[in-house]
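To keep things clear, I will list the structure first and then write my remarks on it.
The values are calculated or read from the model by the stated rules, or taken from the named source; none is laboratory data. Because the structure is a prediction, the values reported are computed rather than measured. So basically every Cβ, Gly included, is an ideal-geometry build from the backbone, and we count neighbours across all protein chains shown. With ligands, DNA and RNA removed, areas are computed over all heavy atoms of the protein, side chains included. Shrake-Rupley method; radii C 1.70, N 1.55, O 1.52, S 1.80 Å.
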Amino acid sequence: MYPVLQIALDLDELVKAVNIASNIVLATKCEHVWIEAGTPLIKAWGKIAIKALKELTNCYLVADTKTMDVPSIEAKIVLGAGADAFTVLGVAEDDVIKEAREVKDYYKKALVVDLIGVKEPYKRAIEIAKYEPDVMLLHIGISTQKARGVTGEELVKEAVKIKSELGVRVGVAGGLKPGVIKQIVSQGVDVVIVGSAITTSSNPAETTINMLREIGYSF
(Lines give C-alpha, C1' and ligand atoms only; values in the text may rest on other atoms or scores of the structure.)
Protein backbone atom coordinates (compact mmCIF):
# COMPACT_ATOMS: atom_id res chain seq x y z
CA MET A 1 0.00 0.00 0.00
CA TYR A 2 2.82 2.39 0.83
CA PRO A 3 4.34 4.68 -0.29
CA VAL A 4 1.37 6.67 -1.54
CA LEU A 5 0.90 9.98 -3.28
CA GLN A 6 -1.70 12.14 -1.56
CA ILE A 7 -3.23 14.84 -3.74
CA ALA A 8 -4.27 17.89 -1.75
CA LEU A 9 -7.26 19.65 -3.26
CA ASP A 10 -6.72 22.97 -1.48
CA LEU A 11 -9.36 24.70 -3.56
CA ASP A 12 -12.57 26.55 -2.84
CA GLU A 13 -14.32 25.48 -6.07
CA LEU A 14 -16.06 22.15 -5.66
CA VAL A 15 -16.64 21.48 -9.37
CA LYS A 16 -12.96 22.08 -10.14
CA ALA A 17 -11.86 19.86 -7.28
CA VAL A 18 -14.16 17.03 -8.38
CA ASN A 19 -13.06 17.33 -12.00
CA ILE A 20 -9.38 17.15 -11.07
CA ALA A 21 -9.95 14.19 -8.76
CA SER A 22 -12.11 12.34 -11.28
CA ASN A 23 -9.55 12.69 -14.07
CA ILE A 24 -6.76 11.52 -11.77
CA VAL A 25 -8.77 8.49 -10.71
CA LEU A 26 -9.58 7.62 -14.33
CA ALA A 27 -5.86 7.62 -15.05
CA THR A 28 -4.69 5.82 -11.91
CA LYS A 29 -7.67 3.71 -10.77
CA CYS A 30 -6.77 5.03 -7.29
CA GLU A 31 -3.66 2.85 -7.24
CA HIS A 32 -1.14 4.28 -4.79
CA VAL A 33 -3.16 7.50 -4.65
CA TRP A 34 -5.05 9.17 -1.83
CA ILE A 35 -7.36 12.11 -2.49
CA GLU A 36 -7.38 14.88 0.09
CA ALA A 37 -10.32 17.19 0.64
CA GLY A 38 -8.24 20.21 1.56
CA THR A 39 -9.07 22.54 4.43
CA PRO A 40 -10.28 25.39 2.14
CA LEU A 41 -12.56 22.97 0.30
CA ILE A 42 -14.04 21.66 3.55
CA LYS A 43 -14.56 25.19 4.89
CA ALA A 44 -16.23 26.26 1.66
CA TRP A 45 -18.41 23.19 1.10
CA GLY A 46 -18.42 21.12 4.28
CA LYS A 47 -19.52 17.51 4.12
CA ILE A 48 -20.95 18.09 0.64
CA ALA A 49 -17.36 18.11 -0.63
CA ILE A 50 -16.56 14.89 1.21
CA LYS A 51 -19.64 13.13 -0.14
CA ALA A 52 -19.03 14.31 -3.70
CA LEU A 53 -15.38 13.28 -3.78
CA LYS A 54 -16.03 9.89 -2.19
CA GLU A 55 -19.06 8.99 -4.28
CA LEU A 56 -17.57 10.15 -7.58
CA THR A 57 -14.08 8.67 -7.13
CA ASN A 58 -14.41 5.89 -4.55
CA CYS A 59 -10.76 6.62 -3.76
CA TYR A 60 -9.17 6.61 -0.30
CA LEU A 61 -10.20 10.03 1.02
CA VAL A 62 -8.42 12.14 3.62
CA ALA A 63 -10.38 15.02 5.17
CA ASP A 64 -7.89 17.69 6.16
CA THR A 65 -9.96 19.00 9.03
CA LYS A 66 -6.92 20.26 10.97
CA THR A 67 -8.96 19.65 14.10
CA MET A 68 -7.90 21.58 17.18
CA ASP A 69 -10.78 20.68 19.48
CA VAL A 70 -13.72 18.27 19.79
CA PRO A 71 -12.68 15.64 17.23
CA SER A 72 -15.69 13.67 18.41
CA ILE A 73 -17.81 16.24 16.55
CA GLU A 74 -15.60 17.18 13.61
CA ALA A 75 -14.49 13.66 12.80
CA LYS A 76 -18.05 12.37 13.04
CA ILE A 77 -19.07 14.86 10.33
CA VAL A 78 -16.40 13.97 7.79
CA LEU A 79 -16.18 10.24 8.52
CA GLY A 80 -19.94 9.97 8.36
CA ALA A 81 -19.84 11.67 4.97
CA GLY A 82 -17.38 9.12 3.59
CA ALA A 83 -13.86 10.17 4.56
CA ASP A 84 -11.41 7.38 5.37
CA ALA A 85 -9.09 9.55 7.47
CA PHE A 86 -9.09 12.91 9.24
CA THR A 87 -6.38 15.22 10.53
CA VAL A 88 -5.75 16.62 13.98
CA LEU A 89 -3.15 19.27 14.76
CA GLY A 90 -0.16 18.20 16.78
CA VAL A 91 -0.24 21.52 18.64
CA ALA A 92 -3.58 20.51 20.14
CA GLU A 93 -3.65 19.39 23.78
CA ASP A 94 -3.12 15.73 24.57
CA ASP A 95 -6.78 15.46 25.58
CA VAL A 96 -7.70 16.25 21.98
CA ILE A 97 -5.27 13.70 20.53
CA LYS A 98 -6.58 11.06 22.93
CA GLU A 99 -10.17 11.81 21.95
CA ALA A 100 -9.22 11.65 18.27
CA ARG A 101 -7.74 8.19 18.83
CA GLU A 102 -10.97 7.06 20.45
CA VAL A 103 -13.01 8.43 17.55
CA LYS A 104 -10.91 6.78 14.87
CA ASP A 105 -11.10 3.46 16.74
CA TYR A 106 -14.88 3.77 17.02
CA TYR A 107 -15.32 4.44 13.31
CA LYS A 108 -12.49 2.07 12.31
CA LYS A 109 -10.94 4.83 10.25
CA ALA A 110 -7.51 6.51 10.22
CA LEU A 111 -5.98 9.39 12.17
CA VAL A 112 -3.32 11.70 10.77
CA VAL A 113 -1.57 14.02 13.21
CA ASP A 114 -0.30 17.13 11.43
CA LEU A 115 2.77 18.65 13.09
CA ILE A 116 2.47 21.94 11.21
CA GLY A 117 3.52 24.83 13.46
CA VAL A 118 5.15 22.56 16.04
CA LYS A 119 8.52 24.04 17.05
CA GLU A 120 10.05 20.71 18.06
CA PRO A 121 8.37 18.06 15.88
CA TYR A 122 10.48 15.14 17.09
CA LYS A 123 9.83 15.91 20.74
CA ARG A 124 6.10 16.33 20.13
CA ALA A 125 6.00 13.15 18.05
CA ILE A 126 7.37 11.20 21.02
CA GLU A 127 4.55 12.58 23.19
CA ILE A 128 1.89 11.75 20.59
CA ALA A 129 3.14 8.27 19.63
CA LYS A 130 1.32 6.60 22.53
CA TYR A 131 -1.98 7.52 20.89
CA GLU A 132 -0.97 5.46 17.85
CA PRO A 133 -1.80 7.78 14.95
CA ASP A 134 -1.78 6.10 11.56
CA VAL A 135 0.43 8.81 10.08
CA MET A 136 2.57 11.61 11.54
CA LEU A 137 2.74 14.46 9.08
CA LEU A 138 5.69 16.83 8.84
CA HIS A 139 4.32 19.92 7.14
CA ILE A 140 5.39 23.40 6.09
CA GLY A 141 2.33 25.52 5.37
CA ILE A 142 1.81 27.67 2.29
CA SER A 143 2.17 30.99 4.12
CA THR A 144 5.53 29.94 5.55
CA GLN A 145 6.65 28.65 2.16
CA LYS A 146 5.92 32.03 0.64
CA ALA A 147 7.48 34.04 3.46
CA ARG A 148 10.65 32.01 3.89
CA GLY A 149 11.13 30.17 0.61
CA VAL A 150 11.22 26.76 2.29
CA THR A 151 9.53 23.48 1.39
CA GLY A 152 8.76 20.13 2.94
CA GLU A 153 12.03 18.74 1.60
CA GLU A 154 13.70 20.24 4.66
CA LEU A 155 11.58 18.03 6.92
CA VAL A 156 12.42 14.67 5.39
CA LYS A 157 15.32 13.80 7.69
CA GLU A 158 13.25 14.54 10.78
CA ALA A 159 10.33 12.55 9.38
CA VAL A 160 12.56 9.54 8.77
CA LYS A 161 14.00 9.83 12.28
CA ILE A 162 10.49 9.81 13.73
CA LYS A 163 9.60 6.76 11.65
CA SER A 164 12.70 4.77 12.53
CA GLU A 165 12.61 5.51 16.26
CA LEU A 166 8.87 5.50 16.92
CA GLY A 167 7.70 2.95 14.36
CA VAL A 168 4.98 5.16 12.91
CA ARG A 169 4.27 5.91 9.28
CA VAL A 170 5.25 9.42 8.25
CA GLY A 171 4.18 11.91 5.63
CA VAL A 172 5.75 15.07 4.27
CA ALA A 173 3.96 18.08 2.80
CA GLY A 174 4.79 21.58 1.69
CA GLY A 175 5.55 22.85 -1.80
CA LEU A 176 6.71 19.50 -3.17
CA LYS A 177 7.18 19.37 -6.92
CA PRO A 178 8.12 16.87 -9.65
CA GLY A 179 11.75 15.90 -9.46
CA VAL A 180 12.01 15.64 -5.68
CA ILE A 181 9.55 12.81 -5.03
CA LYS A 182 11.95 9.94 -5.77
CA GLN A 183 14.52 11.19 -3.28
CA ILE A 184 11.92 11.74 -0.56
CA VAL A 185 10.43 8.26 -0.93
CA SER A 186 13.84 6.60 -1.16
CA GLN A 187 14.59 7.86 2.34
CA GLY A 188 11.56 6.11 3.77
CA VAL A 189 8.67 8.58 3.69
CA ASP A 190 5.34 6.75 3.43
CA VAL A 191 2.99 9.51 2.30
CA VAL A 192 4.07 12.29 -0.07
CA ILE A 193 1.53 15.09 -0.20
CA VAL A 194 1.39 17.29 -3.28
CA GLY A 195 -1.04 20.12 -3.89
CA SER A 196 -0.54 22.99 -6.31
CA ALA A 197 2.09 21.21 -8.42
CA ILE A 198 -0.76 18.94 -9.48
CA THR A 199 -3.88 21.11 -9.18
CA THR A 200 -2.40 24.03 -11.15
CA SER A 201 -0.85 21.79 -13.78
CA SER A 202 -2.20 21.97 -17.31
CA ASN A 203 -2.75 18.21 -17.05
CA PRO A 204 -3.19 17.12 -13.42
CA ALA A 205 -3.65 13.46 -14.31
CA GLU A 206 -0.44 13.33 -16.35
CA THR A 207 1.49 15.13 -13.61
CA THR A 208 0.17 12.61 -11.09
CA ILE A 209 1.24 9.68 -13.27
CA ASN A 210 4.72 11.16 -13.64
CA MET A 211 5.03 11.55 -9.86
CA LEU A 212 3.90 7.97 -9.32
CA ARG A 213 6.59 6.87 -11.75
CA GLU A 214 9.09 8.87 -9.70
CA ILE A 215 8.03 6.86 -6.67
CA GLY A 216 8.73 3.71 -8.66
CA TYR A 217 5.30 2.56 -9.82
CA SER A 218 4.61 1.50 -13.41
CA PHE A 219 1.82 3.11 -15.39
So the FRET efficiency between Y217 and N58, C-beta based with R0 = 25 Å and rounded to 0.05, is 0.80
Share of accessible surface on carbon and sulfur in the chain, whole %, 1.4 Å probe and ligands ignored, is 51 percent
If you average 1/r over all unlike Cα pairs in the chain and invert the result, what Kirkwood radius do you get in angstrom? 17.1 Å
Test of understanding: in a Gaussian network model of the chain with alpha carbons linked when under 10 Å, which of G175, G188, G167 would top the mean-square fluctuation ranking? G167
If R0 = 35 Å, then T39 and N203, at their Cβ-Cβ distance, give a FRET efficiency to the nearest 0.05 of 0.90
Kirkwood Rh (inverse of mean 1/r, distinct Cα pairs), the range 89-195, angstrom: 14.0 Å
Top to bottom by accessible area (1.4 Å), largest first, where do K109, K182 land? K182, K109
Over what distance in Å are the Cα centres of the range 152-171 and the range 179-219 separated? 18 Å
Within the range 82-118, what residues put their amide N at less than 11 Å from the label point 7 Å along the Cα-to-Cβ vector of M1? 85, 109-111
Residues of the range 111-131 with amide nitrogen under 14 Å from the 7 Å Cα-to-Cβ point of K98? 128-131
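Return an integer: the convex hull volume of the alpha-carbon atoms of the range 143-204, in Å³ per residue.
Normalising the Cα hull of the range 143-204 by residue number yields 89 Å³.
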